[in-house]
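The values are calculated or read from the model by the stated rules, or taken from the named source; none is laboratory data. Quick caveat, the model's predicted, so the values are computed rather than measured. Positions of Cβ are generated from backbone atoms using ideal geometry, with glycine treated the same way; all protein chains shown enter the neighbour counts. Each accessible area value is taken on the protein alone, full model and side chains, heavy atoms only, with ligands, DNA and RNA left out. Shrake-Rupley method; radii C 1.70, N 1.55, O 1.52, S 1.80 Å.
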Amino acid sequence: MRQMKTPLFSGLLEHANRNPIQFHIPGHKKGMGMHPAFREFIGENALSIDLINIAPLDDLHHPKAMIKEAQELAAEAFGADHTFFSVQGTSGAIMAMIMATCSPGDKIIVPRNVHKSVMSAIIFAGAFPIFIHPAMDERLGISHGITVKAVQKALETHPDAAALLVINPTYFGIAGDLREIVRTAHNYEIPVLVDEAHGVHIHFHEELPISAMQAGADMAATSVHKLGGSLTQTSILNVREGLVDVDRVKTVMSMLTTTSTSYIFLASLDMARQHLALNGHLLTEQAMKLANKARDRINDIPRIYCVGKEILGKPATFAMDPTKLLIHVRDLGITGWEVENWLRAKYNIEVEMSDLYNILCFVTAGDTEESIQTLVNALRDLSVEFAHVQAEDMPTISLPNIPILSTTPREAFYAPTETIPLVEAAGRVITEFIMVYPPGIPIFLPGEVISEENIAYIQENIRVGLPVQGPEDETLKTIKVVKRQTAISG
């Protein structure tokens with residue numbers, strides 16, 4: 001019954017209904033001070049609760065009333081001891097996890113296929129990353145998670161690590177044996193931090209991978225907006241007491257959070273929590289049924305393959321989220337990027353992501369039989385249109401080796417730099433990020449040694465039109481590297 005309550009949203013509505021005269025920010029004053037066309041589009045209801053932390057509405061930085069109760073309800077729903085709302089996205093929550101557990105010089109064990117926000121936090125904290133190689137899937141051209149064996153080896157070598165970070169599930173919906181990974185780390189009294197950006201719903205259905213809190217993890221940055229029904233940019237940080245200092249987590253969250261927090265965002269988190277707590281199982285069941293229908297139909301289409309449970313059974317593929325449709329298109333002889341653009345132009349379909357070999361589609365309770373069938377019909381037409389492509393025209397799957405880390409990311413980021421052509425950069429130490437976004441997993445991190453192989457991989461992604469980004473030079477013709485020091489002569 002407690003989960004039926006929505007203290008934050010209900011409190012905002014009561015305040016809006018009182019219709020007080022506002023002499024505080026935001027300056028648009030319920031929309032009257034903004035462009036009329038935008039006001040009309042957004043609507044009076046939304047603008048009436050676009051408010052700030054005045055006394056009746058509590059304060060995210062020091063919650064004592066409606067926000068405090070809303071966060072307590074979220075902690076109860078997700079099985080956490082404490083839950084903190086984030087209006088800085090999951091990136092902000094990830095940064096808070098790392099900066100609350102790592103001090104300058106501390107080691108943190110992380111998979112190499114982490115999101116950019118993880119490495120940004122490591123730079124801010126001054127920590128040193130100990131990379132675990134994720135399991136690579138050379139058939140699909142993607143990386144999975146990390147294995148228990150790899151975690152054990154890393155902990156044996158670095159028992160003084162400040163934390164272990166795990167992705168659960170990956171962007172593609174694949175999960176490792178998180179419960180055993182947590183148990184292994186806790187044997188060393190090392191806290192486990194989980195990037196749960198793509199797993200808010202898994203807590204609410206027994207057929208999905210277990211959630212971070214169910215596995216006994218110490219913290220989890222969980223995106224609610226991606227798959228949980230809240231507004232874009234809203235996430236939560238779930239915390240378990242014991243190996244982490246909760247007060248320090250609060251402090252760091254406050255340091256990283258704007259003082260002008262959006263109450264529309266916060267209210268959407270409150271309502272999404274209620275919806276998930278009361279209806280999450282049903283909503284997820286609906287999404288799974290739709291996704292599995294789509295998967296079966298897609299796998300009847302010649303030369304297109306949608307990944308299913310057959311991928312399970314290996315150490316890094318312990319469980320999967322079937323609502324993620326990872327659709328492999330290599331056998332069509334075209335790239336995922338070309339498929340994304342074809343679907344946009346021919347069917348007005350927007351996919352979540354594409355890469356050299358795949359497209360990724362997310363299915364939620366917001367989908368319908370009609371939307372699923374439109375996707376299937378489009379892929380059938382795609383298969384017919386490219387039926388003429390011969391086997392020798394198919395792109396070869398290549399996955400570059402993980403670069404060698406020469407210095408800490410922080411040292412490289414702040415080092416004296418020089419700009420050189422990318423094609424001449426082999427052997428140099430990069431000071432910038434280079435990644436394909438989405439998903440935002442870096443090809444290069446500051447401090448890594450550039451190789452010819454990785455240069456070729458970047459150029460191939462650029463050639464086929466994928467969104468390679470990160471360096472100051474957006475053309476990627478030049479990059480910044482650590483400046484070579486020359487001896488001073490008298």
Pick from the range 156-179 the residues that are under 12 Å from residue 217 (Cβ atoms) and assigned to a helix (DSSP H, G or I): which of them is nearest to the chain's Cα centre (by Cα)?
-> 178
State all residues of the range 357-375 that are of a type in the set (A, V, I, L, M, F, W, C) and out of contact with any strand residue (DSSP E or B) (no Cβ under 9 Å at 6 or more places or on another chain); if no residue qualifies, say none.
-> 365, 372
Tally, over the range 444-462, of residues that are open to solvent by 20 Å² or more (accessible area, probe 1.4 Å) and among the hydrophobic types (A, V, I, L, M, F, W, C) = 3
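Give the range 165-186 a look and list any residue that's of a type in the set (A, V, I, L, M, F, W, C) and open to solvent by less than 10 Å² (accessible area, probe 1.4 Å), or say none. Lay out the reasoning, then the answer.
Applying the first criterion (of a type in the set (A, V, I, L, M, F, W, C)) to the range 165-186 yields 165-167, 172, 174-175, 178, 181-182, 185.
Listed by number, the residues that qualify are 165, 166, 174, 175, 178, 181, 182, 185.
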Please name all residue pairs, on different chains or six or more residues apart, with Cβ atoms under 6 Å, provided the first residue is in the range 82-101 and is more than 14 Å from residue 248 (Cα to Cα) and assigned by the TED database to the domain that holds residue 191 and the second residue is of a type in the set (Ser, Thr, Tyr) and crowded, with 24+ Cβ neighbours inside 10 Å.
-> 86/235; 89/235; 90/223; 90/235; 92/86
Of the numbered conditions (1) over 18 Å from residue 271 (Cβ atoms); (2) open to solvent by less than 60 Å² (accessible area, probe 1.4 Å); (3) modelled with pLDDT of 95 or more; (4) in a loop (DSSP other than H, G, I, E, B), residue 96 fails exactly one; give the number of that condition.
-> (4)
Picking from 144, 115, 35, 133, the residue that is farther than 30 Å from residue 5 by Cβ and free of Cβ contacts under 8 Å to residues at least 12 places away in the same chain would be 35
Quickly run through the range 6-26 and pick out the residues that are open to solvent by less than 60 Å² (accessible area, probe 1.4 Å), part of a loop (DSSP other than H, G, I, E, B) and farther than 13 Å from residue 48 by Cβ.
-> 6, 24
Just give me the residues in the range 214-226 being surrounded by fewer than 24 Cβ atoms within 10 Å (Cβ to Cβ) and either at pLDDT below 95 or within 22 Å of residue 315 (Cα to Cα) (or both), in sequence order.
-> 214, 215, 216
Quick check, is residue 236 more than 22 Å from residue 3 (Cα to Cα) and open to solvent by less than 10 Å² (accessible area, probe 1.4 Å)?
-> no
Flagged in the range 401-430 as among the β-branched types (Val, Ile, Thr) and either over 21 Å from residue 456 (Cβ atoms) or in contact with a Gly (Cβ under 6 Å, 6 or more places away or on another chain) (or both), in numbering order, are 407, 408, 417
Quick check: is even one residue across the range 197-205 touching a Leu at 6+ places or on another chain (Cβ under 7 Å), among the hydrophobic types (A, V, I, L, M, F, W, C) and assigned to a strand (DSSP E or B)?
-> no
Some residue of the range 385-403 being within 23 Å of the chain's Cα centre (by Cα) and among the β-branched types (Val, Ile, Thr) | yes
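Got a sec? Which of 267, 277 is surrounded by 23 or more Cβ atoms within 10 Å (Cβ to Cβ) and either not assigned by the TED database to the domain that holds residue 95 or not in a loop (DSSP other than H, G, I, E, B) (or both)?
Step by step, each of 267, 277 is checked, and only 267 is surrounded by 23 or more Cβ atoms within 10 Å (Cβ to Cβ) and either not assigned by the TED database to the domain that holds residue 95 or not in a loop (DSSP other than H, G, I, E, B) (or both).
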Residue pairs meeting the criteria (Cβ under 6 Å; at least 6 apart or on separate chains; first free of Cβ contacts under 8 Å to residues at least 40 places away in the same chain, in the range 447-474; second among the β-branched types (Val, Ile, Thr) and open to solvent by 40 Å² or more (accessible area, probe 1.4 Å)) | 468/462
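Among the residues of the range 130-177, which ones are among the polar types (S, T, N, Q) and closer than 18 Å to residue 117 by Cβ?
Within the range 130-177, 143, 168, 170 meet the criteria.
Being assigned to a loop (DSSP other than H, G, I, E, B), at pLDDT 95 or above and open to solvent by 10 Å² or more (accessible area, probe 1.4 Å) is true for just one of 402, 349, 420. Which residue is that? Spell out the reasoning first.
Numbers: 402 fails: at pLDDT 95 or above; 420 fails: assigned to a loop (DSSP other than H, G, I, E, B).
Criteria check complete, one pass: 349.
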Can you give me the number of residues within the range 133-146 that are within 13 Å of residue 185 (Cβ to Cβ) and surrounded by fewer than 23 Cβ atoms within 10 Å (Cβ to Cβ)?
-> 0
State all residues of the range 54-71 that are open to solvent by 20 Å² or more (accessible area, probe 1.4 Å) and within 17 Å of residue 18 (Cβ to Cβ); if no residue qualifies, say none.
-> 54, 55, 56, 65, 66
Only one of (1) open to solvent by 10 Å² or more (accessible area, probe 1.4 Å); (2) not in a loop (DSSP other than H, G, I, E, B) does not apply to residue 110, and that is (1)
